[in-house]
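Contents: one structure, followed by commentary.
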Amino acid sequence: MSIAVVGGAGYIGSHAVRALLAQKRDVVVIDSLETGHAESVPDDVQFYKGDIRDRAFLNEVFEHEQIEQVVHFAANSLVGESMENPLKYYDNNVFGTQILLETMTKHGVGHIVFSSSAATYGEQKDMPITEKAQTDPTSAYGETKLAMERMMKWCDAAHGTKFVSLRYFNVAGASESGVIGEDHHPETHLIPVVLQVANGQREHISIFGEDYPTEDGTCIRDYIHVEDLVDAHLLALDYLKKGGESNIFNLGSNQGFSVKEIVETARNVTGHPIPVVIGDKRAGDPAVLIASSEKARTTLGWSPSRTDITTIIEHAWNWHKNHPNGYKGAEQR
Ligand code: UFG
């Protein structure tokens, strides 16, 4: 029996695949390669290239493989883009998840671990945010993640499909091995963009707004190392296997850093001055997002160990400085 990693060629999915292989699990990767990279999938892993919105394709994979559990990473995930093109998010994220759940139901696959997001919460008064907080997304992206969670809830009620939804805060860093890391085109996430400046690929970093109600006026986020994040997925799969009920968990490190603090840490790690330009606010950005991950710690036994922001940025820098053009050479793009 195998675990299907849907979106397994993407940034987080590729780290999950390696962690599952390290645990000697059988893994099948499904990815459209719209944003993922075939180079990140290990050679000895069965890889199916296709889109989860393609019913026939997905059905064939589930017919061919003995899939026991699904880890679902396949989605568009940019807050800014979702404000300009919300229907792209409804189509790929919501409709894609609908087809995946339909296929799982048809083939009697009863467990799914799902990549949700802190973007489901929107602007909150009380920090850190617990899973009990009222969800009120400020972006179309967050709204689609909430819709996907709700879809899974109703599939549990109707078909007994158990889910664990993991609400990620800001995922960053790269594999300690240095073999895989973050490679988005275009890159919009803060830490890789800052490191592109240090790599000489951008002249400066634009800070999106300096008049938020925070100490230095820039947004505060909770950064979580991708390998710690992936550990929670392995625990969630075990939790479901042991008969755990459907559940939702925050994944963060319970500490917040402003955009300016991230830039300063990156200056220390890279030794580059990293010039800054203050730009306009980006639509959909809440001022502060900090997680309480107490529930994941107590229920799943999750214990993140790479929570130091310098370590997170060092691991990201190790990947970016050795792979300035991601998985491929610049001439191939
Ligand atoms: N930022 C800048 N300049 C940049 C890029 C980002 O100032 O060039 C700022 C953003 O405005 C934000 C912070 O840096 O305040 C972090 O931005 P990211 O784009 O790195 O991350 P987001 O917080 O927008 O979103 C990320 C994921 C989402 C997830 C969210 C949860 O992309 O999937 O974290 O916190 F939902």
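Points to keep in mind about this one:
- Per the listing Asp216, Asp222, Asp228, the residue uniquely near the ligand (Cβ under 8 Å from one of its atoms) and in contact (Cβ under 8 Å) with a residue 40 or more places away in the chain is Asp222.
For (1) crowded, with 19+ Cβ neighbours inside 10 Å; (2) under 27 Å from Glu123 (Cα atoms); (3) within 10 Å of the ligand (Cβ to nearest atom); (4) not β-branched (Val, Ile, Thr), each residue gets a yes or a no:
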{"residue": "His272", "(1), (2), (3), (4)": "no, no, no, yes"}
{"residue": "Pro275", "(1), (2), (3), (4)": "no, no, no, yes"}
{"residue": "Val288", "(1), (2), (3), (4)": "yes, yes, yes, no"}
{"residue": "Lys295", "(1), (2), (3), (4)": "no, yes, no, yes"}
{"residue": "Trp302", "(1), (2), (3), (4)": "yes, yes, no, yes"}
{"residue": "Ile313", "(1), (2), (3), (4)": "yes, yes, no, no"}
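- Some residue of the stretch 100-111 being touching a helix residue (DSSP H, G or I) at 6+ places or on another chain (Cβ under 9 Å), modelled with pLDDT of 95 or more and either assigned by TED's automatic domain parsing to the domain that holds Trp302 or within 16 Å of the ligand (Cβ to nearest atom) (or both): no
- Any hit, the stretch 160-177, residues being closer than 22 Å to His320 by Cα and modelled with pLDDT under 95: yes
- Qualifying residues in the stretch 143-188 (those that are within 11 Å of the ligand (Cβ to nearest atom) and in a loop (DSSP other than H, G, I, E, B)) - the one surrounded by the fewest Cβ atoms within 10 Å (Cβ to Cβ): Pro186
- Sole residue being surrounded by 18 or more Cβ atoms within 10 Å (Cβ to Cβ), under 16 Å from Val179 (Cα atoms) and out of contact with any Asp or Glu (no Cβ under 9 Å at 6 or more places or on another chain), chosen from Val17, Val29, Val61: Val17
- Selection within the stretch 189-213 - in a loop (DSSP other than H, G, I, E, B), more than 11 Å from the ligand (Cβ to nearest atom) and closer than 17 Å to Thr265 by Cα: Asn199
- Looking across the stretch 270-309 at every residue that is among the basic types (Lys, Arg) and touching a Phe, Trp or Tyr at 6+ places or on another chain (Cβ under 7 Å), the one that is nearest to Pro192 (Cα to Cα) is identified as Arg282.
- Of the residues making up the stretch 189-208, those that are among the small types (Gly, Ala, Ser) and either crowded, with 17+ Cβ neighbours inside 10 Å or over 18 Å from Glu81 (Cβ atoms) (or both) are Ala198, Gly200.
- Considering only residues in the stretch 241-253 that are touching a residue at least 60 places away in the same chain (Cβ under 8 Å) and surrounded by fewer than 19 Cβ atoms within 10 Å (Cβ to Cβ), the one that is nearest to Ala157 (Cα to Cα) turns out to be Glu245.
- The lone exception for Tyr239 - which of (1) closer than 27 Å to Phe257 by Cα; (2) of a type outside the set (A, V, I, L, M, F, W, C); (3) modelled with pLDDT of 95 or more it fails: (1)
The values are calculated or read from the model by the stated rules, or taken from the named source; none is laboratory data. What you see is a predicted model; the values in this text were computed from it and never measured. Positions of Cβ are generated from backbone atoms using ideal geometry, with glycine treated the same way; all protein chains shown enter the neighbour counts.
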